[in-house]
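Please read the structure below before turning to the comments.
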Amino acid sequence: MRSPIKHVLVIGAGGHAKVVLSALMEAKADVAGIYDDDPFKLGTEVLGVPVLGAIGELRSVKGVVGVIGVGDNATRRRIAAQLPGTEWLTVVHPMAFVDESASLGLGTVVFAGAVIQPGARIGRHCIINTGATVDHDCVIGDFCHIAPGCNLGGAVTLAEGVFMGIGSVAIQNVSVGAWSTVGAGAAVVTYLPDRVVAVGVPARVRRMLEI
C-alpha cells in the first residue's frame, strides 16, 4: 500500500486479525469494518473496529476492498474462493523492508520487522509475519504462512500452502512441498515432500497430512 486506501474490510475477527488491523492502521488505511462467521462476535470490536456481519454477506456487495485476517492457510484459500469479486489488498507494515525488486501477490500481508530481499517472489494471500526474513530469490507459493522469527535462506522454494512455524529456518536452495507444515524451531536442510509435518533439527517427516 503506497497511498491511503479508504473503506477497507478485514475478513476474520480473531487474534491474527489484530495484527492485520495494526498493519493497516500504521499504513493509514481507512478500515471500515470486519466480517466474521462467529455470531457471538457480531457487534463487538477489534482494536476499535466493529464486526459488521458474516462473511457470506459480502458475496452480494459490489466494490469490496479487503484483506483476509486469518492465519490458517486452508481457511484463507476457502475465503478467497468464497469472495471472487473482492479487490484484495497487499499490505506492508511501514516498519517492514521489502526490496523494490521483490514482488508481492494480491492479498499478501507483511508485518512489522519482516525483511524481503532482492528477487524474492511472494504469491497471493501469503503471510510474512512479525520479524520473519525471506532472502534473495526465494519463491513463495500462494497461501503460505511464514511465522514470526522464521528465516529463509537464499533461493528457498515453498510450494502452495506451506506453513513455516515460529523460529523455523530453511537453508539456501531447499524446497518444501505443497501444504506441508514445518514445526516451530525446525531446520529444513533437505527437500520436504507435499502434505507432511516435519519437526526437529534437522527437520524430519513425522506424519502425513490430509488436506
Restricting segment 130-161 to residues that are part of a loop (DSSP other than H, G, I, E, B) and touching a residue at least 40 places away in the same chain (Cβ under 8 Å), the one surrounded by the most Cβ atoms within 10 Å (Cβ to Cβ) turns out to be PHE143
Scanning segment 118-129 for residues that are within 14 Å of GLY153 (Cα to Cα) and either assigned to a strand (DSSP E or B) or within 10 Å of the chain's Cα centre (by Cα) (or both) gives ARG121
Residue hits (segment 190-211; surrounded by 16 or more Cβ atoms within 10 Å (Cβ to Cβ) and among the aliphatic types (A, V, I, L, M)) are LEU192, VAL196, VAL197, ALA198, VAL199, ALA203
The correct count of residues that are surrounded by fewer than 22 Cβ atoms within 10 Å (Cβ to Cβ) and either touching a residue at least 60 places away in the same chain (Cβ under 8 Å) or over 14 Å from the mean Cα position of the chain (by Cα) (or both) in segment 99-110 is 5
Margin query: Criterion first (under 17 Å from SER168 (Cα atoms) and in the same structural domain as ARG195 (by TED's automatic domain parsing)) does ILE146 satisfy it?
Written below: yes
Is it true that GLY71 is under 24 Å from VAL92 (Cβ atoms) and either buried (at least 20 other Cβ atoms within 10 Å of the Cβ) or not basic (Lys, Arg) (or both)?
yes
task: Confirm whether VAL197 is in contact with a Phe, Trp or Tyr (Cβ under 9 Å, 6 or more places away or on another chain), touching a residue at least 12 places away in the same chain (Cβ under 8 Å) and closer than 24 Å to ARG77 by Cα.
output: no
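The values are calculated or read from the model by the stated rules, or taken from the named source; none is laboratory data. Note that the coordinates shown come from a computational prediction; the quantities given were computed from them, not determined experimentally. A quick note on method: Cβ atoms are made from the backbone with ideal geometry, for glycine too, and the neighbour counts reach across all protein chains shown.
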